[in-house]
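Participant: The structure that follows is given in the form of structure tokens.
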Amino acid sequence: MPASKHAPGRHFLQIPGPTNVPDRVLRAIDNPTMDHRGPEFGELGKDILANLRRIFQTQGPVVIYPASGTGAWEAALTNTLSPGDTVLMSRTGWFATLWKEMADRLGLDATFLDTDWRRGADPDAIGDALAKDRDHRIKAVCVVHNETSTGCTSRIDEVRAAIDKAKHPALLMVDTISSLASIDYKHDAWGVDVTVAGSQKGLMLPPGLSFNAISPKALKATETAKLPRSYWDWRPMLAANETGYFPFTPATNLLYGLNAAVGMLLEEGLDNVFARHDRHAEATRRAVRVWGLEIQCAEPRHYSSSLTAVRVPEGHSADALRATILKRFNMSLGNGLGPLKDKVFRIGHLGDFGDLQLIGTLGGVEMGLRAAGIPHKTGGTQAAIDYLAGNA
Ligand code: PLP
């Protein structure tokens, strides 16, 4: 904890990840570290790896890295591609931009399909690019499922359909870092080849773990992929995972937490988890509309259920608003990234989150709007209360 003046009450961590870690997960992490080569660990590893497949909605393997989400991006690319390979990416926002920059640095030839950062990826544009690529130079299509910088969710089922319509053999790679376990996501049914995920959002863990779910086609691609890889190599990982172990020292205590978090999600039921996130997102948007503010996502079919990015009126500062809210009400909201800096603030409503936390969050935003002198109409929080109370 930073040595600052004590702020009474609980801090509201309403950035769109890292999210609030439930006490049950914290208690699980707070257990003695065990021998990661001992018999007990193998059983734990096998349980976690089996249960994780249910979260990704896959029958195939999921690997776990002691790394932030960026590491799992790199693993997805380096395990399947070769220097100079063309990858088609959709520039839906800041995180898509960072993934593209990584692809450039790795020596891939990344093509960007632009968007206005106010909607998800355009499946028609992806389909057109693939249809024109007659000699199949494009080896992978990469899409960020939920753009955390904009609050827009891409329709992966539609992207899959566009790839199939073009009869193109490219791999489909999807970043679910801010959607997994918050927004419905089906690795197998949507024919995704590599899913990238992280621990610190819908999975309700601290930062520090990331994941790849791997299709048989992606696994086959490792045999010919020539990008250098060592630490990220799936093959030794998958071999060790067979018996629940890892090829290097795993993040043992985070795995205890993961075991607890996955247990909680499965107890609640994934469909209930998704419905809860949808409901909180809808309540948030109702509040924003009453305030008279604009939602950054301009396409209702792409509204995110994990976060809502809100534009402040021209001439006002989103960062000053966030600073006021932090100082006065002890709540952290997400900042605007890249071109959205100071123009939007982001309300995270994902992870371990209930109705009262949402009302507290929206109450904090509404008080902050007034305190920071942002023009708005009052009553947004009341609209959210009305919606939540009327929709159990
Ligand atoms: N992709 C998305 C959609 C994200 O939201 C983030 C981080 O917030 C990342 C990638 C990068 O992950 P990390 O910061 O864990 O490396």
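Residue-by-condition table, conditions (1) open to solvent by 30 Å² or more (accessible area, probe 1.4 Å); (2) farther than 30 Å from residue 257 by Cβ; (3) touching a residue at least 24 places away in the same chain (Cβ under 8 Å):
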{"position": "295", "(1), (2), (3)": "no, yes, yes"}
{"position": "298", "(1), (2), (3)": "yes, yes, yes"}
{"position": "329", "(1), (2), (3)": "yes, no, yes"}
{"position": "333", "(1), (2), (3)": "no, no, yes"}
{"position": "353", "(1), (2), (3)": "no, no, yes"}
{"position": "379", "(1), (2), (3)": "no, yes, yes"}
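Participant: Moving to a separate point now. Confirm whether residue 62 is under 30 Å from residue 122 (Cα atoms), among the β-branched types (Val, Ile, Thr) and more than 16 Å from the ligand (Cβ to nearest atom).
Facilitator: yes
Participant: Residues in the stretch 330-348 that are of a type outside the set (Val, Ile, Thr) and more than 12 Å from residue 14 (Cα to Cα): how many?
Facilitator: Qualifying residue count for the region: 8.
Participant: Next question, about the same structure. Between residues in the stretch 258-271 that are of a type in the set (Ser, Thr, Tyr) and residues that are open to solvent by 20 Å² or more (accessible area, probe 1.4 Å) and in a helix (DSSP H, G or I), which pairs lie under 7 Å by C-beta distance while being six or more apart or on different chains?
Facilitator: none
Participant: Please determine, by comparing only the residues of the stretch 357-375 that are open to solvent by 50 Å² or more (accessible area, probe 1.4 Å) and in contact (Cβ under 8 Å) with a residue 24 or more places away in the chain, which one is farthest from residue 276 (Cα to Cα).
Facilitator: Out of the qualifying residues, it is 375.
Participant: For residue 284, work out the one condition from (1) assigned to a loop (DSSP other than H, G, I, E, B); (2) outside the structural domain of residue 64 (by TED's automatic domain parsing); (3) crowded, with 21+ Cβ neighbours inside 10 Å it doesn't fulfil.
Facilitator: In the conditions (1) assigned to a loop (DSSP other than H, G, I, E, B); (2) outside the structural domain of residue 64 (by TED's automatic domain parsing); (3) crowded, with 21+ Cβ neighbours inside 10 Å, residue 284 misses (1) alone.
Participant: If you don't mind, there's one more thing I want to ask. Being under 27 Å from residue 263 (Cα atoms), touching a Phe, Trp or Tyr at 6+ places or on another chain (Cβ under 6 Å) and either at pLDDT 95 or above or not hydrophobic (A, V, I, L, M, F, W, C) (or both) narrows it down to one residue among 214, 177, 156; which is it?
Facilitator: That would be 156, the only listed residue that is under 27 Å from residue 263 (Cα atoms), touching a Phe, Trp or Tyr at 6+ places or on another chain (Cβ under 6 Å) and either at pLDDT 95 or above or not hydrophobic (A, V, I, L, M, F, W, C) (or both).
Participant: Among the numbered criteria (1) surrounded by fewer than 19 Cβ atoms within 10 Å (Cβ to Cβ); (2) more than 16 Å from the ligand (Cβ to nearest atom), which one does residue 130 miss?
Facilitator: Unmet condition: (1).
Participant: So residue 124 clears everything in (1) within 16 Å of the ligand (Cβ to nearest atom); (2) surrounded by fewer than 24 Cβ atoms within 10 Å (Cβ to Cβ); (3) assigned to a helix (DSSP H, G or I) except one condition, right? Which one?
Facilitator: (1)
Participant: Starting from the stretch 76-93, keep only residues that are in the same structural domain as residue 216 (by TED's automatic domain parsing), then list their pairs with residues that are surrounded by fewer than 24 Cβ atoms within 10 Å (Cβ to Cβ) and aromatic (Phe, Trp, Tyr) whose Cβ atoms are within a distance under 6 Å, requiring at least 6 positions of separation or different chains.
Facilitator: Here the result reads 78/232; 79/234; 89/112; 91/112, each pair linking the stretch 76-93 to a residue that is surrounded by fewer than 24 Cβ atoms within 10 Å (Cβ to Cβ) and aromatic (Phe, Trp, Tyr).
The values are calculated or read from the model by the stated rules, or taken from the named source; none is laboratory data. No experiment lies behind these values; they were computed from the predicted model shown. Methodologically, a virtual Cβ is constructed for each residue, glycine included, from the backbone with ideal geometry; neighbour enumeration extends over all protein chains shown. Quick note on the areas: whole protein, heavy atoms, side chains included, nothing else; ligands and nucleic acids left out. Shrake-Rupley method; radii C 1.70, N 1.55, O 1.52, S 1.80 Å.
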